[in-house]
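Asker: Handing you this structure, nothing more for now.
The values are calculated or read from the model by the stated rules, or taken from the named source; none is laboratory data. Model, not experiment: these values are computed from the prediction. Counting neighbours? That spans all protein chains shown, and the Cβs are built from the backbone with ideal geometry, glycine included.
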Amino acid sequence: MKLRPFGLERYFAAHEFSTPYLLCCSDCESFSVSELLALEHDAPERLDALWLGYTESQGAMELRQQIASLYNTISPEQVLVHAGAEEVIFNFMHTLLSSGDHIIVHSPYYQSLGEVARSLGADVTSWESDPDRNWQLDLNFLEYVLTDRTRAVVINVPHNPTGHLPEETFLRDLAVLSAKHGFIVFSDEVYRLLEYRDADRLPALCDIDERAVSVGVMSKSFGLAGLRIGWAATRNKALYGQLAAFKDYTTICNSAPSEFLSSLALKHRDVILERNRAIIGENLERLQSFFMRYADVFRWIQPKAGPIAFPHLLEGAVDEFCNRLISQKGVLLLPGTLYGEKYNCFRIGFGRRNMAQGLEKLIEFVETWS
């Protein structure tokens, strides 16, 4: 197994903590520990008394109960807590795949969703979303590229980086194909619950398909990336057992304080999500005005969920655009070439309160771009 450098993460390592204005963050506004503890009157005392020994490998029962309540068909025993979504991805690929297997990945994609499989000797096919159809996926293409070696199909809904959200019929048709052809659907749902309209919220894949895996995390919708807590939810008993056994070779168990604070946050998720959706809504209005003003510079496909979007730069190279923006204005955007050379786009993030400051600097820069 040999992994290529993670381009996106290396880019952030180079710029995230030295650039004043971050306009490409994929998460929502975070909280301090004291803000979380203020959600319940006795939470500080309970945290003070927390035992710092080993925790249950599957995750604390209270936390798994809270996670299970996010779904319609999942019990706490069908939730496996990990150290962030990245560990879920790594463990799933190692559990399911061998050299010569085939996997199909919703594209553009977070690099590990394809790279871990590739490092194991699996063949990876990109299932390209279509910007001319608002970043939709074509199920006919999926059927065309399926083989008898296809072990998994990876989707990301709501989608990073485009903010696309399909219709429910798409998920149900995908579940039918999964049953027909025998592949497992691995559904990255880390932005679920950040739909702009409640009516657009989709069922989790694990609620539609008993063989599928739904992935969640505290980092994105809840804005609690520093807790490093993610999970896999599945009714697939055999796969759950394999994932749990493999986890013995990675983190074994999770951080007790992180599990405590995650459980506390999920109990009060309505408050957290309402705040984050309000921030997103205000910032999205600013971006709508911005992209209307500069419609000759960018192509803007409005997202339907989440705190990120993937506008096209119509003229010039996006790498040069982003590099000059950093050096001249101290603003960080994520060039789309980190998802693939053909994407002359950039990821813009609008889940944080200070987005307006960075947007002002971006406007100053765009006025000089030629």
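Asker: Taking the conditions exactly as written (in the same structural domain as Glu189 (by TED's automatic domain parsing), buried (at least 19 other Cβ atoms within 10 Å of the Cβ), under 28 Å from Leu266 (Cα atoms) and under 17 Å from the mean Cα position of the chain (by Cα)), does Ala60 satisfy them or not?
Answerer: In short, no.
Asker: Name the residue that is modelled with the lowest pLDDT, counting only residues in segment 1-50 that are among the aliphatic types (A, V, I, L, M) and either farther than 24 Å from His268 by Cα or touching a Gly at 6+ places or on another chain (Cβ under 6 Å) (or both).
Answerer: Here the residue is Met1.
Asker: While we're on this one: For segment 247-269, which residues satisfy the criterion of being loosely packed, with under 15 Cβ neighbours inside 10 Å, within 26 Å of Ala212 (Cβ to Cβ) and not aliphatic (A, V, I, L, M)?
Answerer: Asp248, Tyr249, Thr250
Asker: Continuing with the same structure: Might you let me know whether segment 43-57 holds any residue that is touching a helix residue (DSSP H, G or I) at 6+ places or on another chain (Cβ under 9 Å), among the basic types (Lys, Arg) and surrounded by fewer than 18 Cβ atoms within 10 Å (Cβ to Cβ)?
Answerer: Scanning segment 43-57 turns up at least one residue that is touching a helix residue (DSSP H, G or I) at 6+ places or on another chain (Cβ under 9 Å), among the basic types (Lys, Arg) and surrounded by fewer than 18 Cβ atoms within 10 Å (Cβ to Cβ).
Asker: Quick check on segment 141-154: of everything there that is more than 24 Å from Met1 (Cα to Cα) and not charged (D, E, K, R), which residue is surrounded by the fewest Cβ atoms within 10 Å (Cβ to Cβ)?
Answerer: Only one residue tops the list, namely Tyr144.
Asker: Hey, another quick one. Please return the ranges of strands (runs of 3 or more DSSP E) entirely within segment 150-239 where 3 or more residues are in contact with a Phe, Trp or Tyr (Cβ under 6 Å, 6 or more places away or on another chain) and under 28 Å from Cys24 (Cα atoms).
Answerer: Because the criterion is at least 3 residues that are in contact with a Phe, Trp or Tyr (Cβ under 6 Å, 6 or more places away or on another chain) and under 28 Å from Cys24 (Cα atoms), no strands (runs of 3 or more DSSP E) in segment 150-239 meet it.
Asker: Sticking with this structure for a sec: If I filter segment 65-78 for residues that are under 29 Å from Leu334 (Cα atoms) and either outside any strand (DSSP E or B) or not assigned by TED's automatic domain parsing to the domain that holds Gln302 (or both), do I get at least one hit? Outline the logic, then answer.
Answerer: The initial filter retains those residues of segment 65-78 that are under 29 Å from Leu334 (Cα atoms), namely none.
Checked against the condition, which is being under 29 Å from Leu334 (Cα atoms) and either outside any strand (DSSP E or B) or not assigned by TED's automatic domain parsing to the domain that holds Gln302 (or both), segment 65-78 yields no hits at all.
Asker: Among (1) free of Cβ contacts under 8 Å to residues at least 12 places away in the same chain; (2) more than 30 Å from Gln111 (Cα to Cα); (3) not acidic (Asp, Glu), which single condition is Ser32 missing?
Answerer: The single condition Ser32 does not satisfy is (2).
Asker: Would a scan of segment 276-284 turn up a residue that is over 23 Å from the mean Cα position of the chain (by Cα), surrounded by fewer than 17 Cβ atoms within 10 Å (Cβ to Cβ), in contact (Cβ under 8 Å) with a residue 12 or more places away in the chain and under 22 Å from Trp135 (Cβ atoms)?
Answerer: The answer is no, given that none of the residues of segment 276-284 is over 23 Å from the mean Cα position of the chain (by Cα), surrounded by fewer than 17 Cβ atoms within 10 Å (Cβ to Cβ), in contact (Cβ under 8 Å) with a residue 12 or more places away in the chain and under 22 Å from Trp135 (Cβ atoms).
Asker: Just to check your reading of the model, which residue among Arg352, Arg347, Arg293 is crowded, with 17+ Cβ neighbours inside 10 Å, in the same structural domain as Ala13 (by TED's automatic domain parsing), over 17 Å from Trp135 (Cβ atoms) and among the charged types (D, E, K, R)?
Answerer: Of Arg352, Arg347, Arg293, the one residue that is crowded, with 17+ Cβ neighbours inside 10 Å, in the same structural domain as Ala13 (by TED's automatic domain parsing), over 17 Å from Trp135 (Cβ atoms) and among the charged types (D, E, K, R) is Arg352.
Asker: Evaluate the following for Gly163: is it buried (at least 24 other Cβ atoms within 10 Å of the Cβ) and on the phi > 0 side of the Ramachandran plot?
Answerer: In short, yes.
Asker: Return the residues of segment 106-140 that are assigned to a helix (DSSP H, G or I) and either in the same structural domain as Tyr343 (by TED's automatic domain parsing) or under 22 Å from Lys2 (Cβ atoms) (or both); say none if nothing qualifies.
Answerer: Across segment 106-140, the qualifying residues are Ser112, Leu113, Gly114, Glu115, Val116, Ala117, Arg118, Ser119.
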